[in-house]
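Novice: Encoded as structure tokens, here's the structure I'll be asking about.
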Amino acid sequence: MYEKFCLDSLKGRRLQKNGSLIKPSTLKNYFAVLENLKKFEIFTKKTWLFNSSFKASKSSFQIEKRHYKNFYLKFTSFLYGRGCTDNYVGLQLKNLKSFFLYLNKNCGFFMGDFYLDFYTHSEEIPVTVLSQEQLKFMIQNEEFEKQLSKHLKKSKDIFVVGCCIGLRFSDLIKLNPSNLEFMNGINYIVNISQKTNTCTRIKLPSYVFEIFQKYSKKQATLLPPISLNQFNKNLKKITELAGWTYILEKKRSIRGQKQECLTSLGKSYRFCD
């Protein structure tokens with residue numbers, strides 16, 4: 001049934017409350033839950049079944065409630081045991097709640113509302129930012145740019161544009177000449193966010209417009225194509241070459257407690273990491 005939930009969401013048979021299609025990023029999260037559920041059943045050596053025609057009585061209520069609680073405790077312990085953070089575990093449970101609601105409202109099953117007790121911890125992730133001096137270095141230091149390979153220069157340009165106009169990567173990489181607007185002698189980017197569906201008009205500094213001109217002559221988009229994964233790898237290399245290697249502890253909340261995250265080598269994270 002969870003597979004059907006994912007496929008109905010993917011094929012447009014299940015929509016958002018406002019009638020629009022489920023977003024690709026949400027679908028990706030749904031399928032991540034599916035993979036975790038499969039691994040969880042292998043780990044527990046058990047097939048987890050839930051009553052699809054629950055009828056309330058004092059005894060059945062307590063039995064079903066204990067079953068949901070048992071699933072919740074074991075599934076969250078499984079995720080935490082794999083090193084998952086509160087925010088990741090919380091997202092998994094949020095999607096499971098959507099699934100049980102789907103069973104109740106879309107499939108004609110009566111599951112009860114025990115799933116509402118899937119409580120979660122969450123945290124606001126601190127944002128790592130560049131100082132004005134660091135951003136100026138990225139924009140203006142020609143000697144540093146000469147050290148970079150061609151593909152790193154492209155990623156640096158994307159990063160500089162992102163820092164200066166504040167769009168998400170998914171919006172940045174899709175910008176094309178139709179997003180440019182020239183008004184009263186000033187260049188603007190006009191964009192509708194893929195995630196929030198809100199329209200923004202952003203004034204462009206001259207150096208950002210020059211970056212757009214450099215790439216739009218060779219391709220249909222204003223910035224060079226690249227995957228988010230590769231862009232992140234390149235960005236870490238660029239900032240390492242810039243010498244921003246000072247320690248910057250990365251901490252995340254696990255079961256409500258802050259813990260330092262370490263690299264695969266067991267070391268503290270640096271700014272460039």
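Since every read-out is calculated from the coordinates, none of them should be taken as a lab result. Remember, predicted model here, so these are calculated numbers, not experimental data. A quick note on method: Cβ atoms are made from the backbone with ideal geometry, for glycine too, and the neighbour counts reach across all protein chains shown.
Novice: For helix 58-81, what angle does its Cα long axis make with the longest principal axis of the chain, in degrees from 0 to 90 and rounded to 10?
Specialist: Relative to the chain, helix 58-81 is tipped by roughly 30 degrees.
Novice: What whole-number distance in Å separates the alpha-carbon centres of segment 1-58 and segment 108-131?
Specialist: Cα centroid to Cα centroid, the span is 16 Å.
Novice: Can you tell me the 0 to 90 degree angle between the C-alpha axis of helix 150-165 and the longest principal axis of the chain, rounded to 10?
Specialist: The two axes meet at around 80 degrees.
Novice: While we're looking at this one, here's another question. Pairs Lys174/Lys251; Lys28/Lys236; Lys11/Lys218: which exceed 28 Å Cα-Cα?
Specialist: Correct reply: Lys174/Lys251; Lys11/Lys218.
Novice: Express in whole angstrom the spacing between the alpha-carbon centres of segment 196-219 and segment 79-94.
Specialist: Value for the Cα centre distance between the two parts: 37 Å.
Novice: Can you run phi through the Karplus equation (6.51, -1.76, 1.60; θ = phi - 60°) for segment 218-229 and list ³J(HN,Hα) in whole Hz, with x for Gly and Pro?
Specialist: These are the phi-based 3J(HN,Hα) values: 10, 8, 7, 9, 7, 10, x, x, 6, 7, 4, 4 Hz.
Novice: Where in segment 135-151 is the amide nitrogen less than 16 Å from a point lying 7 Å along the Cα-to-Cβ axis of Lys237?
Specialist: It comes to 145-151, nothing else.
Novice: Could you give P(r) for the chain, binned at 5 Å from zero, as whole percent values over all Cα-Cα pairs?
Specialist: 1, 5, 9, 12, 13, 13, 12, 11, 9, 7, 5, 3, 2, 1, 0, 0
Novice: Compute the helix-to-body angle for 24-44: its Cα long axis versus the longest principal axis of the chain, expressed 0 to 90° and rounded to tens.
Specialist: 50 degrees
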